[in-house]
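Chemist: Shown below is the structure under consideration.
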Amino acid sequence: MTNLFRQIPKIDTLANSKEFEGLNRALLLKIIKKEINALRKKIQDESIQDIDQSELIKRVKREYDDIANPSIKPLINATGITIHTNLGRSLISERIFDKTKEVFNSYTNLEFDLHTGKRGDRYDIAAKHLTLLFGCEDVLVVNNNAAAVFLILNTFAKDKEVIVSRGELVEIGGSFRIPEVMKSSGAKLKEVGTTNKTKLQDYKEAINEDTAMLMKVHKSNYTIEGFSQEVGIEELVKLSKERGLLDYYDLGSAYLPKLPYGLSDAEPSIFEILKHSPSLVSFSGDKLFGSVQAGIILGKKDLIKKLKKNQILRMFRVDKLTLSLLENTAIAYLKERYEDISTLKMILQDTKELKKRAQKIVKKTNLKTKPKESFTFVGGGTFPNRKIPTIVLEIDGDAMGLQKAFRDKRVIGRIENDKFLLDMRTLQDRDIEPLCNIINEIAQ
Ligand SMILES: *Cc1c(COP(=O)(O)O)cnc(C)c1O
């Protein structure tokens with residue numbers, strides 16, 4: 001064993017190996033140190049009998065390549081799911097990104113009032129645009145919608161009761177569970193109704209002197225069908241006003257202009273919800289709204305003011321980049337430049353456009369298949385179980401093998417009826433050329 005220790009190469013000597021020529025010395029030394037420590041440990045544990053120098057060099061090289069390249073990489077989404085949480089939810093269009101770019105590498109008036117020369121309020125940024133866009137009294141932006149839920153409950157319902165329907169006590173994914181978030185915020189959950197049916201009377205009967213709020217939660221990723229009933233936001237707002245309580249709708253995701261494929265009939269737009277004048281509404285910035293990760297809170301001025309006074313807000317505050325991206329998204333909405341909002345643009349595409357895209361790919365590749373009609377979903381916990389039409393290209397061959405081969409080239413497709421396919425709805429124009437090259441490589 002002691003012998004083996006003596007055989008460990010010196011860090012500098014190893015770093016001078018010709019295999020490492022041209023690599024950054026500082027990073028290389030860090031990786032060699034780490035690998036040599038690991039080697040020491042193995043010798044100590046007597047899990048190796050000898051030191052294979054060429055194997056060590058290979059390992060260092062592999063580790064170097066791994067670290068020197070960012071681990072978050074662009075990929076081609078051919079799943080057809082527009083708001084794919086695992087693939088990063090919404091895309092920021094180049095146009096909106098370009099407008100934000102300057103904020104990345106220069107100082108800004110983030111908390112500086114250019115008129116008075118005094119300290120400004122970061123929460124004023126984006127708020128003016130978003131307030132005009134939604135036509136509400138005031139807006140507050142936090143890190144994500146989960147933070148919005150927590151902040152609202154903690155501010156208005158700490159040690160008090162919040163009434164929620166049993167049918168809306170959901171888990172959203174990434175183990176975000178409404179009952180647990182409520183508990184950690186200090187609010188007391190008062191469940192009413194049953195899984196499938198909750199009536200207005202159930203809320204009425206649950207109200208007592210400890211009640212702070214009536215809360216509605218969008219079910220997001222599931223639906224209750226058949227014998228079911230829920231209380232709409234309109235009735236909840238009315239009841240909360242009658243009883244001098246607050247009402248809050250955790251909407252999860254919000255869309256603005258009318259959507260195709262019957263989606264707008266399935267669920268109201270944010271404007272239809274705001275018509276009922278709820279006290280507070282919150283939703284994610286990167287779901288249907290199609291911008292960056294954020295929690296957007298819309299509400300009455302005095303309530304937003306109280307939220308801003310909560311010390312916890314500091315922990316949920318957003319960076320200038322988030323504010324800038326949101327502001328530019330809001331401007332695009334205000335100008336009705338929907339083509340600048342990638343998520344919206346993808347959902348608005350009709351199947352004719354998608355078919356053209358598929359034909360273009362077929363023409364440029366050796367694929368023998370024809371574009372086929374199929375269905376996909378919006379994703380991201382929005383419009384659960386609502387199918388929307390799409391166009392796909394089936395790739396001939398073993399579906400599992402193809403899925404892996406394409407994934408190795410960072411193209412994520414899906415398997416349907418034992419066939420691997422590429423969905424046209426989520427492809428970007430700039431994806432077409434590299435995708436055609438990959439198809440030609442894989443699908444002979
Ligand atoms: C998605 C969602 C959340 C969590 O939002 P994040 O922005 O992911 O933090 C909370 N509530 C509902 C109803 C949701 O759909």
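The values are calculated or read from the model by the stated rules, or taken from the named source; none is laboratory data. Being a predicted model, the structure only gives us computed values, none of them experimental. For neighbour counting, all protein chains shown are included, and Cβ atoms are generated from backbone atoms with ideal geometry for every residue, glycine included. Side chains are part of the model used for accessible areas, which takes the heavy atoms of the whole protein and leaves out ligands, DNA and RNA. Shrake-Rupley method; radii C 1.70, N 1.55, O 1.52, S 1.80 Å.
Chemist: Would you please name the residue that is nearest to Glu433 (Cα to Cα), looking only at residues in region 332-385 that are among the polar types (S, T, N, Q) and in a helix (DSSP H, G or I)?
Modeler: That would be Gln359.
Each row is one residue, and each column tells you yes or no for (1) open to solvent by less than 80 Å² (accessible area, probe 1.4 Å); (2) within 16 Å of the ligand (Cβ to nearest atom).
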site	(1), (2)
Lys352	no, no
Pro384	yes, yes
Gly397	yes, no
Lys404	no, no
Ile415	yes, no
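Chemist: Oh, and also: Look through region 185-216, keep the residues that are over 16 Å from Glu230 (Cβ atoms) and touching a helix residue (DSSP H, G or I) at 6+ places or on another chain (Cβ under 7 Å), and return whichever of them is nearest to the ligand (Cβ to nearest atom).
Modeler: Here the residue is Ser185.
Chemist: Next question. Of the residues Arg430, Arg425, which is of a type in the set (Lys, Arg), open to solvent by less than 60 Å² (accessible area, probe 1.4 Å) and within 21 Å of Leu75 (Cβ to Cβ)?
Modeler: Of the residues listed, the single one that is of a type in the set (Lys, Arg), open to solvent by less than 60 Å² (accessible area, probe 1.4 Å) and within 21 Å of Leu75 (Cβ to Cβ) is Arg425.
Chemist: How many residues are among the polar types (S, T, N, Q) and within 16 Å of the ligand (Cβ to nearest atom) when one looks only at region 219-262?
Modeler: Adding up the residues that qualify gives 4.
Chemist: Let me ask something else. Does region 420-444 hold any residues that are in contact with a helix residue (DSSP H, G or I) (Cβ under 6 Å, 6 or more places away or on another chain) and part of a strand (DSSP E or B), and which are they?
Modeler: Selection gives Phe420 alone.
Chemist: Here is a further query. Where in region 91-170 are there helices (runs of 4 or more DSSP H), lying fully within it, with 2 or more residues that are without any contact (Cβ under 8 Å) to a residue 12 or more places away in the chain and not small (Gly, Ala, Ser)?
Modeler: 94-104, 127-134
Chemist: Before we move on, is Ile96 under 16 Å from Val281 (Cα atoms), touching a helix residue (DSSP H, G or I) at 6+ places or on another chain (Cβ under 7 Å) and surrounded by 22 or more Cβ atoms within 10 Å (Cβ to Cβ)?
Modeler: Spelling it out, it is not the case that Ile96 is under 16 Å from Val281 (Cα atoms), touching a helix residue (DSSP H, G or I) at 6+ places or on another chain (Cβ under 7 Å) and surrounded by 22 or more Cβ atoms within 10 Å (Cβ to Cβ).
Chemist: Given (1) within 16 Å of the ligand (Cβ to nearest atom); (2) closer than 30 Å to Lys160 by Cα, identify the lone condition not met by Phe289.
Modeler: Here Phe289 meets the rest and fails (2).
Chemist: It is to be established whether one or more residues within region 236-254 are among the acidic types (Asp, Glu), under 30 Å from Ser342 (Cα atoms) and open to solvent by less than 30 Å² (accessible area, probe 1.4 Å).
Modeler: yes
Chemist: Right, another one. So which of Asn16, Asn86, Asn37, Asn77 is free of Cβ contacts under 8 Å to residues at least 12 places away in the same chain and under 26 Å from the mean Cα position of the chain (by Cα)?
Modeler: After ruling out the rest, the residue left standing is Asn86.
Chemist: Moving on to the next point. Please enumerate the residues belonging to region 154-183 that are exposed (fewer than 14 other Cβ atoms within 10 Å of the Cβ) and more than 14 Å from the ligand (Cβ to nearest atom).
Modeler: Lys158, Asp159, Lys183
Chemist: I would also like to ask the following. Among the residues in region 172-187, are any of a type outside the set (A, V, I, L, M, F, W, C) and in contact with a Ser or Thr (Cβ under 7 Å, 6 or more places away or on another chain)?
Modeler: yes
Chemist: Something else now. Can you give me the number of residues within region 117-142 that are open to solvent by 40 Å² or more (accessible area, probe 1.4 Å) and modelled with pLDDT of 95 or more?
Modeler: 7
Chemist: Identify all residues within region 307-318 that are open to solvent by 100 Å² or more (accessible area, probe 1.4 Å) and either over 11 Å from Asn154 (Cα atoms) or in a strand (DSSP E or B) (or both); write none if there are none.
Modeler: The answer is Lys309, Arg314, Met315.
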